[in-house]
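Read through the structure below, which is laid out as structure tokens, and then see the notes.
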Amino acid sequence: MDRFLMQVLVCTTLVVSMIVLSSAQTCSNYAFAGNKMFSSCTDLPYLNSSLHWTYDSSTNTAQIAYRHTAVDTSKWVAWAINPNSTGMVGAQALVAYQQSDGTMKAYTSPISGYQTQLQEGDLSFNVSDLSATYASNEIIIFATIVPPDNGAVNQVWQEGPLSGGSPSAHATTGANVQSKATLNFASGQTGTSGGGNNETGKGNVSDSNTCSNYAFSGNKVFSSCTTLPYLSSFLHWTYDSSTNKVQIAYRHTSVDTSKWVAWAINPTSTGMVGAQALVAYQQSDGTMKAYTSPISGYQTQLQEGALSFNVSDLSATYASNEIIIFATIIPPSNGVVNQVWQDGPLSGGTPTVHATTGANVQSMGTLNFASGQAGSSGGGNSKIRKRNTHGVLNAVSWGTLMPIGAIIARYLKVSKAADPAWFYLHVACQSSAYIVGVAGWATGLKLGSESPGITYTAHRTIGIVLFCLGTLQVFALLLRPKKDHKYRFYWNIYHYSMGYMVIVLSIVNIFKGFDILDPEKKWKDAYIGVIVALGCVAVVLEAFTWQVVLKRRRSQGGSKMPPGMNGSNGYNHNGYGARPHQEA
């Protein structure tokens, strides 16, 4: 029974570790079966999906693998290219699902309407080598395609239920109507499709809110536009290369009169500090205020001031929950700029600081007015990567390895077969957690130094306390008295109380980190699953441990609980008669 207990705990540790590693997995480190390799990939923002591809520009051919996770055999999945628009109608789809006999069906389906049953049919572009696999609640569609428009496409992906073994209509709310984006196979650049936010629950689409066909009042026309990936915003412009002059219209939708909006160019960096902003909001008398504001720090109140480049014809309008800022500017760098856009609350009729989480800290990018090419800001992506790295390191170390190490120490020591292996496993697990945790703590300090105006007081304070307690635990291990030392009892109290305090504070701080990072729901759900799994394991092992202890107690003629059970002081530290010279 002791050997069984040890095997259960070791297997549980391995399983939970695999869960943690898989939860941190992104498209870039996914390993396909058969050593299949793709040169590029992107994690799609909805429906737990990823797209991998290798693009040959000389033949305009793309080998793709569309992965759709968290799906069971009662569902179909699809990935499509829409050559004509950003929505579902007109999409040319690759569809896959598992049939009743267990085999996978993969086929092509041109979509002509919202009530499609995904009937088979030829697509408007060439598709070959089409196949699909299903394993571990994941469907993967493989294909080789010749995409239209030389690799720059509108992509749509989807999932829905099977009825009678055939696809039926998908949901028309939530992620199912947001799962669309743009993709350039050659450059790897992706973006949010402008039409993604316009589908209604009835399945009707209004394209009036996309940048390409938006109709301005007064018959204003702009030659170029881009759908900005965050905060429901769009930028329209006409660029005159001979004078380096740009007429712009910045549109910010889904905003009411309690908010201000701003669009800015940052001539010196990719972030907010140093940005030269155009700001607008509706005043209490109903008129619109539009003005310029140079931003010198994170706690700015968007005070009025002249910009570092020329601005003229500045005005703003508000209608139908949409603010539009119009202006003529002469941008720096001959039309190649770092752009930032933002919204925030009004207080007493004046702008106050915007949110410092989610889309509000991601709304930045690059823009070439001449070519129309827009992309994510390198600096913004770098900071996001650091934030994600910080979160993953701390979730794995303080939030997962630390509890696993505590479980090992509390329950594995009861097994006769585990002595002294449990001690070395415990030390290895906690030491690894501390080392990885220090790395996560250091990335947090780095992020703080790079964002002096953004402070998460509670998260920061708990992080510092955790680092201090963890460091004290490491030094306490070096100063651990022998089992028969008179101070060992007090050391045990200190060690256990500090250890459990670290675990509780770690879990609390990780959830505070989730609130700050605001990642996709699946990441928070994955960590909750890990914690619930560890909790269930602890409950089961607690009951099993007491069963072992009570059985030994009966076999010893009803004697008191052996000293050392679950951390009590005494020579029998592991629940049976080991002498001090035998102990770890």
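Annotations
- Cβ pairs under 6 Å, 6+ apart, first in the range 230-251 and closer than 26 Å to Ala319 by Cβ, second small (Gly, Ala, Ser) and at pLDDT 90 or above: His236/Ala249; Ile248/Ala327
- When Val71 is tested against the conditions (1) within 31 Å of the chain's Cα centre (by Cα); (2) not in a loop (DSSP other than H, G, I, E, B), the lone failure is (2).
- Among the residues of the range 324-335, just one is assigned to a strand (DSSP E or B), surrounded by fewer than 22 Cβ atoms within 10 Å (Cβ to Cβ) and of a type in the set (Val, Ile, Thr), namely Thr328.
- Positions within the range 82-124 being open to solvent by 40 Å² or more (accessible area, probe 1.4 Å) and not in a loop (DSSP other than H, G, I, E, B), in sequence order: Gln98, Met104, Lys105, Pro110
- Lone unmet requirement of (1) out of contact with any Pro (no Cβ under 7 Å at 6 or more places or on another chain); (2) of a type outside the set (Gly, Ala, Ser); (3) free of Cβ contacts under 8 Å to residues at least 40 places away in the same chain for Gln92: (1)
- Filtered residues of the range 465-479 (kept if open to solvent by less than 70 Å² (accessible area, probe 1.4 Å) and either without any contact (Cβ under 8 Å) to a residue 12 or more places away in the chain or of a type outside the set (A, V, I, L, M, F, W, C) (or both)): Cys468, Gly470, Thr471, Gln473
- Those helices (runs of 4 or more DSSP H) lying entirely in the range 381-482 with at least 3 residues closer than 27 Å to Trp546 by Cβ: 402-411, 421-450
Every residue, every condition in (1) open to solvent by less than 70 Å² (accessible area, probe 1.4 Å); (2) at pLDDT 85 or above; (3) polar (S, T, N, Q), yes or no:
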site: Asn213; (1), (2), (3): no, no, yes
site: Asn219; (1), (2), (3): no, no, yes
site: Thr226; (1), (2), (3): yes, yes, yes
site: His236; (1), (2), (3): yes, yes, no
site: Asn244; (1), (2), (3): yes, yes, yes
site: Val255; (1), (2), (3): yes, yes, no
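- Cross-chain or 6+ apart pairs with Cβ under 9 Å, the range 519-548 first and under 19 Å from Tyr46 (Cα atoms) and open to solvent by less than 30 Å² (accessible area, probe 1.4 Å), then assigned to a helix (DSSP H, G or I) and among the hydroxyl-bearing types (Ser, Thr, Tyr): Ala526/Ser22; Ala526/Ser23; Tyr527/Ser23; Tyr527/Thr400
- Candidate set: the range 262-285, residues that are part of a loop (DSSP other than H, G, I, E, B), in contact (Cβ under 8 Å) with a residue 60 or more places away in the chain and closer than 20 Å to Ala327 by Cβ; chosen: the one least open to solvent (accessible area, probe 1.4 Å): Ala275
- Residue among Tyr494, Tyr490 that alone is assigned to a helix (DSSP H, G or I), touching a residue at least 12 places away in the same chain (Cβ under 8 Å) and out of contact with any Ser or Thr (no Cβ under 8 Å at 6 or more places or on another chain): Tyr494
- Filtered by the rule that a residue be surrounded by fewer than 21 Cβ atoms within 10 Å (Cβ to Cβ), at pLDDT below 90 and β-branched (Val, Ile, Thr), the range 408-437 gives a lone residue, Val427.
- The range 292-308, residues that are more than 33 Å from the chain's Cα centre (by Cα) and either outside any loop (DSSP other than H, G, I, E, B) or surrounded by fewer than 16 Cβ atoms within 10 Å (Cβ to Cβ) (or both): Thr292, Gln303, Glu304, Gly305, Ala306, Ser308
- If the condition is being modelled with pLDDT of 90 or more, closer than 18 Å to Pro110 by Cβ and within 24 Å of the chain's Cα centre (by Cα), then the range 120-159 contributes Ile141, Gln155, Val156, Trp157, Gln158.
- Hits in the range 127-174 (condition: at positive phi and open to solvent by 60 Å² or more (accessible area, probe 1.4 Å)): Asp129, Ser136, Asn137, Asp149, Asn150, Gly164
- Counted residues, the range 336-366 - those being part of a strand (DSSP E or B) and surrounded by fewer than 15 Cβ atoms within 10 Å (Cβ to Cβ): 4
- Some residue of the range 345-352 being within 32 Å of the chain's Cα centre (by Cα) and within 25 Å of Arg387 (Cβ to Cβ): yes
- Within the range 44-72, the residues that satisfy the criterion of being in contact with a helix residue (DSSP H, G or I) (Cβ under 9 Å, 6 or more places away or on another chain), among the small types (Gly, Ala, Ser) and surrounded by fewer than 18 Cβ atoms within 10 Å (Cβ to Cβ) are Ser57, Ala70.
- Qualifying position, being open to solvent by 20 Å² or more (accessible area, probe 1.4 Å) and touching an Asp or Glu at 6+ places or on another chain (Cβ under 7 Å), among Lys259, Lys289: Lys259
- Criterion violated by Lys75 - all others in (1) open to solvent by less than 10 Å² (accessible area, probe 1.4 Å); (2) closer than 17 Å to Asn176 by Cα; (3) of a type outside the set (S, T, N, Q) satisfied: (1)
- Residue match in the range 311-329 (condition: over 22 Å from Phe216 (Cβ atoms) and modelled with pLDDT under 90): no
The values are calculated or read from the model by the stated rules, or taken from the named source; none is laboratory data. For clarity, every value in this text was computed on a predicted model and none was experimentally measured. Methodologically, a virtual Cβ is constructed for each residue, glycine included, from the backbone with ideal geometry; neighbour enumeration extends over all protein chains shown. Accessible surface is based on the protein model in full, side chains and every heavy atom, while ligands, DNA and RNA are left aside. Shrake-Rupley method; radii C 1.70, N 1.55, O 1.52, S 1.80 Å.
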